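Student: Handing you a structure now.
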Amino acid sequence: MSDHHDSKLQKGISRRAFNLAGLGSVAALVALKAAPSWAAGEKLTYYGFGGMTQKAMHEAGLAPFSKATAIEVVEGTFGDETEVITRIKSGGAGDLNVFANSGFEMYKRYVDLEANSELNEANIPNLKLVSPTLIERLRKLTPNGKLSGVPYNYGTTGIAYNTKHVSPEEARSLGFKLLWDKRFEGKMALSNNAMERIWAAAVHAGQDTNNMSNTDALMTSLREQRPLVKKYWESGAEVMDLLAKEEVIIADIWSTRATALKKQGYPIEYLEPEQCLAWMQNLFVLKGSPMEPCEKLLDFLLKPEVNFDYCQRTNNGSSLDPKQTEFPQQLKEQAGYDPSGTFAGFSIPDGIYWAENLDRFETQWRRIAKGA
């Protein structure tokens, strides 16, 4: 959503539970249970999805930030961002401050729970380098247009296929039909993420992904698809392993992971079918956080050299505007690069629609995933 990694990226137990495995897990557990303990704003907590993304954020952004400012950043990881929502609903998320936020729909859910902060944009001068299109999308999710976070990176959820078994021509002609093709029964892996499953089913059925007309039909389609699936994968590392070992030859996958497989020399190609899901990740600041240090961190992370370093390490696209900042060649050559910075050709979830429906979709999908 995403996302979106060479150890456990828990971007999925969905892409997007608190699984305190990974970098900073012990400190994270303490941070969640402890009362806030700001000493003149000298300590912050940052949560990411673990694995390669967390390592990249630590090395490219968080450690250099702490060195430059003497502000300590306590790091933790989570897997399923809905667990953050659950914690907020049950009384708060401890002293969690800044975290990787999966998409406009999750951003809107924090706004609806009144857990959103209000950033002082004057303290984030590098915000002007971010795609105006993405900024405006975030503004529309709050009644007063105030930002609680900043867009940082993006990718897509498309289809990886083994070229020894599927030709590029066939893949392009079939698109999402590949994921319902009975020839690949038992050789297919799909994300165990409600949004990605329902989005794919909607495209396959010809329904509007941001205003679905018949969700019961989509659930029926997902039940029919289930016998074809060898594994509903829980992490980017897992789906990469399945494809690398040729235990599966078709999988939906994040663009970041498909790029990593191709770089490692596996016979894998990546297809972005028409209307495939494009996910945007934000850096979100929760209400009650020490704002000036958080704003200082966001501004530092939005420096082109920091953002580009992170994106190149993780194969993500950058949220910065190519019209304002010269991109490295690697980022220009990645799947999904948009030189206009407008994302006009991307199929992006409508934050309001998905925020309103995601709990219901999640409940329905979990029943299907369990075989009901």
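The values are calculated or read from the model by the stated rules, or taken from the named source; none is laboratory data. Source: prediction; values computed, not measured. Every residue, glycine among them, receives a Cβ derived from its backbone with ideal geometry; neighbour counts consider all protein chains shown. Please note that ligands, DNA and RNA were not included when accessible areas were found on the heavy atoms of the full protein model with its side chains. Shrake-Rupley method; radii C 1.70, N 1.55, O 1.52, S 1.80 Å.
Student: Starting from 0.36 nm per residue, how many nanometres of slack lie between E292 and N214 once their C-alpha separation is accounted for?
Tutor: Length gained between E292 and N214: 23.5 nm.
Student: Where the centroid of each part is defined by its Cα atoms, how far is the stretch 127-177 from the stretch 88-115 in Å?
Tutor: 21 Å
Student: Near R367, within a Cβ-to-Cβ distance under 14 Å, what is the net charge of the other residues, with Lys and Arg +1 and Asp and Glu -1?
Tutor: Neighbourhood net charge equals +3.
Student: Tell me, what is the percent relative contact order of the stretch 233-372, built from C-alpha pairs under 8 Å that lie six or more residues apart?
Tutor: Working: 82 pairs, mean separation 29.7, N = 140.
Contact order relative to length: 21 percent.
Student: Any idea of the accessible area per residue across the stretch 202-304, 1.4 Å probe, to the nearest Å²?
Tutor: Using a 1.4 Å probe on heavy atoms only, each residue of the stretch 202-304 averages 38 Å².
Student: Shape call for the stretch 280-372 from the C-alpha gyration tensor, a ≥ b ≥ c root eigenvalues: rounded (a/c under 1.5), prolate (a/b greater than b/c) or oblate?
Tutor: It comes out oblate by the Cα gyration axes.
Student: Run the helix sum for the chain: -39,500 (n - 2.57) per DSSP H stretch of 4+ residues, divided by residue count, reported at 222 nm to the nearest 500 deg cm²/dmol.
Tutor: Numbers: 15 runs with 143 residues, N = 372.
Rounded to the nearest 500, the figure is -11000 deg cm²/dmol.
Student: Roughly speaking, what is the centre-to-centre gap between the stretch 271-332 and the stretch 49-87 when only Cα atoms are used, to the nearest Å?
Tutor: Taking the Cα centre of the stretch 49-87 as reference, the centre of the stretch 271-332 is 14 Å away.
Student: Could you tell me the calculated FRET efficiency between Q324 and D241, based on Cβ-Cβ distance and R0 = 25 angstrom, to the nearest 0.05?
Tutor: 0.05
Student: Can you figure out the FRET efficiency of T142 with R172, using R₀ = 35 Å and their beta-carbon distance, to the nearest 0.05?
Tutor: Here the calculated transfer efficiency is 0.30.
Student: Over the stretch 103-175, what is the relative contact order in whole percent, taking alpha-carbon pairs under 8 Å and six or more residues apart?
Tutor: Numbers: 31 pairs, mean separation 22.9, N = 73.
Worked out over the stretch 103-175, it gives 31 percent.
Student: Tell me the net charge near A335. Cut-off is 10 Å between Cβ atoms, A335 excluded, with +1 for each Lys or Arg and -1 for each Asp or Glu.
Tutor: Details: positive: K262; negative: E272, E333.
Net charge around A335: -1.
Student: Does the chain classify as rounded, prolate or oblate by the C-alpha gyration tensor (a ≥ b ≥ c root eigenvalues; a/c under 1.5 gives rounded; else a/b over b/c gives prolate, otherwise oblate)? Don't skip to the answer; put the middle values down first.
Tutor: Details: a/c = 1.64, a/b = 1.48, b/c = 1.11.
Since a/c reaches 1.5 and a/b is larger than b/c, the shape of the chain is classed as prolate.
Student: Also, I was wondering about something else. On the protein heavy atoms, probe 1.4 angstrom, tell me the percent of accessible surface of the chain carried by carbon and sulfur.
Tutor: Details: 7000 of 14440 Å².
The value for the chain is 48 percent carbon and sulfur by accessible area.
Student: Shape verdict for the stretch 39-108, please, from the Cα gyration tensor: rounded (a/c under 1.5), prolate (a/b greater than b/c) or oblate.
Tutor: Cα axes put the stretch 39-108 in the oblate bin.
Student: Moving on. Multiplying the sequence separation of R183 and A205 by 0.36 nm and subtracting their Cα-Cα distance, what value in nm do you get?
Tutor: This chain segment gains 6.0 nm when fully extended.
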